[in-house]
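This report refers to the structure that appears directly beneath it.
Just so it is clear, none of the values below were taken in a lab; they were calculated from the coordinates. On a predicted model such as this, the values are computed, not experimentally measured, just so you know.
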Amino acid sequence: YYRLYLQTLSSNSNDQPYRIAYHFQPPKNWINGPMRYGGLYHLFYQYNPKAVVWGNIVWAHSVSNDLMNWTPLDPAIFPSQPSDINGCWLGSATLFPGNKPATLYTGLTP
């Protein structure tokens, strides 16, 4: 659902003349930065798929071979338990020995 929803929100450069061409941007709103794993660049970013304001924050996930062309995937983390029910916020992704990925994030509760 989220992948299809994100793709339908894409805007072309005529709608947003100040969007840059050679830096990853989600279809709308704001992001974080990439890591390399399994032959691909992975970008996990805090994203509100429904609005340009705070709220409904998921950890969206996109991948790229070349850091210019990106494929959106389903969110890696989305609010799903009491400790993050109001959003999946700041976090980090890294590789442990043996090339094992690990993530850490903060969630927001009432």
Looking at the square roots a ≥ b ≥ c of the eigenvalues of the Cα gyration tensor of the range 48-98, which shape do they give, rounded for a/c under 1.5, prolate if a/b is larger than b/c, or oblate? oblate
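Tell me, in nm to one decimal, what length is gained between THR71 and LYS100 on full extension, where the rule is 0.36 nm per residue of separation less the Cα-Cα distance?
Gain in length upon complete extension: 8.2 nm.
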